[in-house]
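A.B. asks: To start, I am sharing the structure in question, which I have written as structure tokens.
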Amino acid sequence: MNNFQRLEEEEFEHLPNIPLGVAHNVHNSLDNMRTMGNMVDLYITKIVDVFVMMTGGNVERPNNGFSHTSGHGSPTEPDSGIPGGPAEG
Amino acid sequence: MKLSDEELIRQYLETQNSRYFDQLYTKYATKVFSKCISLLKEEAAAQDAMQDIFLKIFLNLSKFGGKSKFSTWVYSITYNYCIDLIRKKKKVGSIFSDEIENAPDLAEEVPDSALLEMEVKKLKVVLEKIPVGDKAVLLMKYQDDMSIREISDSLGKSESAIKMKLKRAKHKAQKVYEETFKHRSL
């Protein structure tokens with residue numbers, strides 16, 4: 001241990017108490033940010049849709065991989081209509 | 001069982017469990033607070049800084065690549081934050097760059113032993129009297145055992161600029177030491 005590190009040790013001894021609230025505040029801030037992030041993740045598409053509609057646009061969602069028209073009750077690839085993959089050619 | 005820093009980080013990122021947060025915080029809180037007080041010289045400012053620094057650390061935890069030790073990464077954030085805060089308070093562009101680029105070259109290098117052999121009390125006085133930028137690089141090098149490369153990475157300067165900065169900081173420290181203590185003993 002050199003004199004710089006001994007100085008640090010000495011400073012530790014005379015250090016005022018670390019405020020207890022710091023860890024709590026940091027933890028709360030992180031939690032809040034996480035919650036905000038989740039909300040944005042969840043609602044951002046809807047917010048964008050509302051914005052697009054307000055500006056006179058038309059919101060069209062692509063098929064999410066499940067065909068509601070096939071009638072077979074099995075998932076289909078978007079636009080292919082064939083379960084398991086798009087049509088070749 | 002005591003987990004390594006890397007393991008604590010991995011567990012925290014995976015689970016977001018406050019237990020891992022607390023362990024990391026407890027491990028580094030004293031050191032970060034001590035550095036903040038040492039650089040900012042005000043307890044209230046140090047408390048605020050500490051909160052921001054830990055928030056920054058935990059928000060960027062996933063970006064810690066493990067290239068350096070976690071402690072080095074934490075101290076880099078601490079030094080950068082404090083230096084930035086001082087720069088903003090003084091309303092100057094940088095407390096490093098102008099000095100590095102404009103200062104004349106010093107011929108002789110002060111040996112490490114000249115600093116490392118100072119009494120702790122005298123070293124404390126010397127560090128209080130030199131500019132904060134010089135103090136920061138000396139602390140990084142001799143207190144935190146950071147390499148030139150690690151210092152240059154954390155301050156965003158070239159290695160040669162850091163070598164020059166260290167050289168000047170050592171000169172200033174020795175000069176202050178001589179002015180303060182040498183002619184007092186004559």
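A.B. asks: Does residue B:155 meet the test of being touching an Asp or Glu at 6+ places or on another chain (Cβ under 9 Å) and in contact (Cβ under 8 Å) with a residue 60 or more places away in the chain?
C.D. replies: The answer is no for residue B:155.
A.B. asks: Could you figure out which of (1) in contact (Cβ under 8 Å) with a residue 40 or more places away in the chain; (2) in contact with a Leu (Cβ under 6 Å, 6 or more places away or on another chain) isn't true of residue B:35?
C.D. replies: (2)
A.B. asks: I need the full set of residues from segment B:58-73 which are of a type outside the set (Gly, Ala, Ser), under 16 Å from the mean Cα position of the chain (by Cα) and surrounded by fewer than 21 Cβ atoms within 10 Å (Cβ to Cβ), in order please.
C.D. replies: The answer is B:69, B:70, B:72.
A.B. asks: Pick from segment B:111-156 the residues that are exposed (fewer than 14 other Cβ atoms within 10 Å of the Cβ) and closer than 26 Å to residue B:66 by Cα: which of them is nearest to the other protein chains (Cβ to nearest Cβ)?
C.D. replies: This residue is B:149.
A.B. asks: Output the residues belonging to segment B:1-30 that are within 12 Å of another protein chain (Cβ to nearest Cβ), among the acidic types (Asp, Glu) and open to solvent by less than 60 Å² (accessible area, probe 1.4 Å).
C.D. replies: Across segment B:1-30, there are no qualifying residues.
A.B. asks: Of all residues in segment B:33-51, how many are part of a helix (DSSP H, G or I), more than 9 Å from chain A (Cβ to nearest Cβ) and within 17 Å of the chain's Cα centre (by Cα)?
C.D. replies: Count: 5.
A.B. asks: Which residue pairs have Cβ atoms closer than 8 Å, lie 6 or more positions apart in sequence or on different chains, and pair a first residue in segment A:1-30 that is more than 7 Å from chain B (Cβ to nearest Cβ) with a second residue that is open to solvent by 50 Å² or more (accessible area, probe 1.4 Å) and assigned to a helix (DSSP H, G or I)?
C.D. replies: What qualifies is A:1/A:9.
A.B. asks: Could you tell me whether segment A:34-54 includes any residue that is within 9 Å of another protein chain (Cβ to nearest Cβ) and of a type outside the set (Phe, Trp, Tyr)?
C.D. replies: Filtering segment A:34-54 down to residues within 9 Å of another protein chain (Cβ to nearest Cβ) leaves A:34.
Still in the running and of a type outside the set (Phe, Trp, Tyr): A:34.
Yes; the residues of segment A:34-54 include at least one that is within 9 Å of another protein chain (Cβ to nearest Cβ) and of a type outside the set (Phe, Trp, Tyr).
The values are calculated or read from the model by the stated rules, or taken from the named source; none is laboratory data. All values reported here derive from a predicted model rather than from experimental measurement. Methodologically, a virtual Cβ is constructed for each residue, glycine included, from the backbone with ideal geometry; neighbour enumeration extends over all protein chains shown. Each accessible area value is taken on the protein alone, full model and side chains, heavy atoms only, with ligands, DNA and RNA left out. Shrake-Rupley method; radii C 1.70, N 1.55, O 1.52, S 1.80 Å.
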